[in-house]
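Q: What follows is a single structure, and I will ask about it in a moment.
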Amino acid sequence: MHLLQTDEALIDSGLNLDKENKERIGVIWASGIGGIETFYMAIKEYVLGDGTPRFSPFFIPKMIGDIAAGAISIKYGFMGQTSQQFQLVPHPPNSIIDAINYIRWGKADVFVTGGSEASINETWNWRL
């Protein structure tokens with residue numbers, strides 16, 4: 001979701017990324033928690049399997065909560081300040097305020113900022 005939001009925001013912004021100094025473009029992203037679906041599926045496979053705990057080598061990278069800011073920076077080659085904010089409820093206005101302050105302090109020229117969350121899953125009603 002965060003990459004789609006970023007694609008749309010950059011198109012709407014009218015920025016020509018080929019002409020921008022990517023060392024002066026940062027990312028601040030808000031989320032409450034990361035990787036809930038990954039965790040859910042790993043537990044479900046364990047409970048419904050033969051009892052042997054098997055985890056994908058991608059389990060931890062998929063669980064990392066700050067992967068959104070990193071993924072945005074990597075996709076676009078942004079090399080400025082990058083951080084992830086964790087809050088009980090993702091609150092993009094906090095990210096926006098922080099981005100404004102970094103720009104005011106001369107730490108960056110542009111920030112991609114906002115927030116996303118995807119922690120809604122089906123209930124745990126498996127039959128054992």
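Q: Given the conditions (1) surrounded by 14 or more Cβ atoms within 10 Å (Cβ to Cβ); (2) assigned to a loop (DSSP other than H, G, I, E, B), report the number of the one that LEU17 does not fulfil.
A: Failed condition: (1).
Q: Same structure again: Report, by residue number, each residue of segment 44-81 that is farther than 24 Å from SER116 by Cα and outside any loop (DSSP other than H, G, I, E, B). Quick ask: steps written out before the conclusion?
A: Quick first cut of segment 44-81, residues farther than 24 Å from SER116 by Cα only: 44-57.
Listed by number, the residues that qualify are LYS44, GLU45, TYR46, VAL47, LEU48.
Q: Report the residue count in segment 19-51 for those that are touching a Ser or Thr at 6+ places or on another chain (Cβ under 9 Å) and within 19 Å of ILE100 (Cβ to Cβ).
A: Result for segment 19-51: 6.
Q: Could we say that THR38 is of a type in the set (Val, Ile, Thr) and touching a residue at least 12 places away in the same chain (Cβ under 8 Å) here? Write out each step before concluding.
A: Details: of a type in the set (Val, Ile, Thr): yes; touching a residue at least 12 places away in the same chain (Cβ under 8 Å): yes.
When the stated conditions are applied, THR38 passes them.
Q: If SER119 passes every condition in (1) open to solvent by 40 Å² or more (accessible area, probe 1.4 Å); (2) under 16 Å from the mean Cα position of the chain (by Cα); (3) of a type in the set (Ser, Thr, Tyr); (4) at pLDDT 85 or above but one, which one does it miss?
A: (4)
Q: Exactly one of (1) modelled with pLDDT of 85 or more; (2) among the aliphatic types (A, V, I, L, M); (3) over 16 Å from the mean Cα position of the chain (by Cα) is unmet by ALA71. Its number?
A: Failed condition: (3).
Q: For residues in segment 52-72 being farther than 30 Å from TYR102 by Cβ and not hydroxyl-bearing (Ser, Thr, Tyr), which is least open to solvent (accessible area, probe 1.4 Å)? Please lay out each step first, then the result.
A: If we filter segment 52-72 for residues that are farther than 30 Å from TYR102 by Cβ, which is where we start, we get 52-59.
When the remaining residues are screened for being not hydroxyl-bearing (Ser, Thr, Tyr), the result is 53-55, 57-59.
Values: PRO53: 86, ARG54: 155, PHE55: 113, PRO57: 112, PHE58: 134, PHE59: 38 Å².
Ranking the candidates gives PHE59 first.
Q: Going by what's in this entry, would LYS75 be described as in contact (Cβ under 8 Å) with a residue 60 or more places away in the chain and surrounded by fewer than 18 Cβ atoms within 10 Å (Cβ to Cβ)?
A: Details: in contact (Cβ under 8 Å) with a residue 60 or more places away in the chain: yes; surrounded by fewer than 18 Cβ atoms within 10 Å (Cβ to Cβ): yes.
Yes.
Q: Turning to a different aspect of this structure: Considering only segment 25-49, state which residues are over 23 Å from ILE64 (Cβ atoms) and open to solvent by 70 Å² or more (accessible area, probe 1.4 Å).
A: If the condition is that a residue be over 23 Å from ILE64 (Cβ atoms) and open to solvent by 70 Å² or more (accessible area, probe 1.4 Å), then LEU48 is the only one that fits.
The values are calculated or read from the model by the stated rules, or taken from the named source; none is laboratory data. Not measured: the values here are computed from a predicted model. Glycine also receives a Cβ, built like all others from the backbone with ideal geometry; neighbour counts cover every protein chain displayed. Surface accessibility is based on the protein's heavy atoms, side chains included, excluding ligands, DNA and RNA. Shrake-Rupley method; radii C 1.70, N 1.55, O 1.52, S 1.80 Å.
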